[in-house]
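Undergrad: The following block contains the structure, expressed as structure tokens.
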Amino acid sequence: MKLSVSLGLWQDRPPEEALETARAADAAGYPELWIGEMATWDAFALGTAIGAATARISLTFGPLAVTVRDPATIAMGVASVAALTGRATGVALGTSSDVVVRGWHGRSRERAATALAESAVAVRQLLAGEKSTVDGSVVGSHGYRLRLPAPKSPLTIAAFGPKALEVAARHADRMVVNLVSPAAAASLVRGLHEAASRAGTTPPPVAAWVVAAVDPDPAALEQLRRGVVGYLAAPGYGEMFRAAGFGDLIDFARTRPHPRELLAAVPVEAIATVGLLGSPADITAKAAEYAEAGIDELAIVPATSDDDPGGAKTLAACRSAVLPFDA
């Protein structure tokens, strides 16, 4: 099992703490840092700053919402950071959520899986230095070629539903899943392999973003509990937590209570279902469960607090705890 790090971009912490997490990941020897994009930083601006603040860690951007960023702007952003920092770069594509796409950006999520597949083809062409030739029914790019050196970045597809699994089977160098239990991860890995069999392709390796806190203090636990509130009523995620024994919590979440009321109802055990939480021995045991589920890589999303700024202690401890599985 490989290890990488993803920025939490926690809303209860200073935005600049992302740089601390990046430096901690680099210092601990993690080979790759995922830089997502949602409510705070522009991913490519932050990636450039991280490249200047760290020594060697590679940078993967995303998952970027394909109905918000078009293939040419994605390719230009990745190539820009690669040229300015000299780092190896990757890119992950996904469909994001109604809140982000429809609400914040005023874009449509209709035919999102088609947009994901068409974007994957166009982005791959552009990052390879080719002229784009995709006239898609939802997303396309035709006649553009990067002016900067082509970074030849690998392409990751974020998947949770069956249509995205089909896209990953056909187009991804790697698939990534987020906030999943080992049981849910195993189901998604099986779905990917079935989709690859139908497509006649070799299934790509699978990474899982997992929240983590080693010997967490109350502030870190509160942060992680707050982080799952928005997922509890969501299709698929709710069923996953229900299968893990939190049916009453899901029933309550789907009554649409005030977020404060829902947060108060979230037990720490629910977080432990989808992450690495507790002592180093607990972390080792949970990592083994993910490995058994078919996960090839854990992308650690460290909790941060005044007791562990940037998540440095958690990252160092996870590196040691999971080292026996780290290829």
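Undergrad: Which residues does the label zone of residue 229 cover in region 236-259, counting backbone N under 18 Å from a point 7 Å along Cα→Cβ?
TA: 238, 249-259
Undergrad: If I compute solvent accessible area with a 1.4 Å probe over the protein chains, what percent of it on the chain is carbon and sulfur?
TA: 55 percent
Undergrad: Rounded to the nearest 0.05, what FRET efficiency do residue 268 and residue 133 give with R0 = 56 Å and r taken as the Cβ-Cβ distance? Could you check?
TA: Efficiency for this residue pair is about 0.65.
Undergrad: Related question: From largest accessible area down, sort 76, 38; use a 1.4 Å probe on the protein chains.
TA: So, going from the largest accessible area down, we get 38, 76.
Undergrad: Counting other Cβ atoms within 10 Å, which trypsin sites (Lys or Arg not before Pro) in region 177-258 have at most 16 and lie in a DSSP loop?
TA: Taking region 177-258 and a limit of 16 other Cβ atoms within 10 Å, the loop trypsin sites (Lys or Arg not before Pro) found are 254.
Undergrad: With every protein chain kept in the model, how would you rank 209, 34, 104 by accessible area, 1.4 Å probe, largest at the top?
TA: Per-residue accessible area, sorted high to low, gives 104, 209, 34.
Undergrad: Leaving out same-chain residues fewer than 8 places away, which aspartates and glutamates sit with a Cα under 20 Å from that of residue 286?
TA: Within reach: 215, 217, 269, 296, 297, 326.
Undergrad: Sticking with this structure for a sec: What spacing in nm lies between the two simple spin-label points modelled at residue 258 and residue 114, each 7 Å away from Cα in the Cβ direction?
TA: Each label point lies 7 Å from its Cα, and together they span 4.3 nm.
Undergrad: For a Förster distance of 30 Å, can you work out the FRET efficiency between the beta-carbons of residue 197 and residue 285, rounded to the nearest 0.05? The partial results should precede the final answer.
TA: Details: r = 32 Å, r/R0 = 1.05.
Between residue 197 and residue 285 the formula returns 0.40.
Undergrad: Can you compute the modelled spin-label distance between residue 173 and residue 217, with each label point 7 Å from Cα toward Cβ, in nm?
TA: Between residue 173 and residue 217, the simple spin-label model gives 4.0 nm.
Undergrad: Give the ranking of 119, 279 by solvent-accessible surface, highest area first, calculated with a 1.4 Å probe.
TA: Numbers: 119 0, 279 40 Å².
Solvent-accessible surface, decreasing: 279, 119.
Undergrad: What's the percent breakdown of Cα-Cα distances in region 1-72 across 5 Å bins, shortest bin first?
TA: 3, 16, 29, 24, 16, 9, 3, 0
Undergrad: How many angstrom separate the Cα center of region 135-179 from the Cα center of region 264-327?
TA: Their Cα centres are 28 Å away from one another.
Undergrad: Also: Please calculate the 1.4 Å probe accessible area of residue 33, with all protein chains present, and give it to the nearest 10 Å².
TA: Rounded to the nearest 10, that gives 0 Å².
Undergrad: Starting from the Cα gyration tensor of region 164-289, multiply each eigenvalue by 5, take the square root, and state the resulting semi-axes largest first in whole Å.
TA: Values: eigenvalues 164, 69, 25 Å².
Value: 29, 19, 11 Å, ordered largest first.
Undergrad: So, one more: Accessible area per residue, 1.4 Å probe, Å², for the chain: what's the number?
TA: Counting only protein heavy atoms, the per-residue value for the chain is 42 Å².
Undergrad: Region 48-115: D in µm²/s via Stokes-Einstein (Kirkwood Rh, Cα pairs, 4 °C, 1.567 mPa s)? Could you put the intermediate results ahead of the total?
TA: Working: Rh = 13.1 Å.
The calculation lands on 99 µm²/s.
Undergrad: A further question on this structure: Mind pulling up the Rg/Rh value for region 1-132? Radius of gyration and Kirkwood radius, both on Cα.
TA: Expressed as Rg/Rh, it is 0.97.
Undergrad: Along the three principal axes, how long is the chain when you take its alpha carbons, biggest first, rounded to the nearest angstrom?
TA: For the chain, the Cα spread along each principal axis is 53, 42, 37 Å.
Undergrad: Also, quick follow-up: Among 46, 5, 24, which residue has its Cα positioned farthest towards the positive end of the charge dipole of region 1-136, with +1 placed on the Cβ of Lys and Arg, -1 on the Cβ of Asp and Glu, and the dipole taken about the Cα centre?
TA: 5
The values are calculated or read from the model by the stated rules, or taken from the named source; none is laboratory data. All of these numbers come straight from a predicted model, not from anything done at the bench. Counting neighbours? That spans all protein chains shown, and the Cβs are built from the backbone with ideal geometry, glycine included. To get the accessible areas, we keep the full protein, side chains included, count just its heavy atoms, and leave off ligands, DNA and RNA. Shrake-Rupley method; radii C 1.70, N 1.55, O 1.52, S 1.80 Å.
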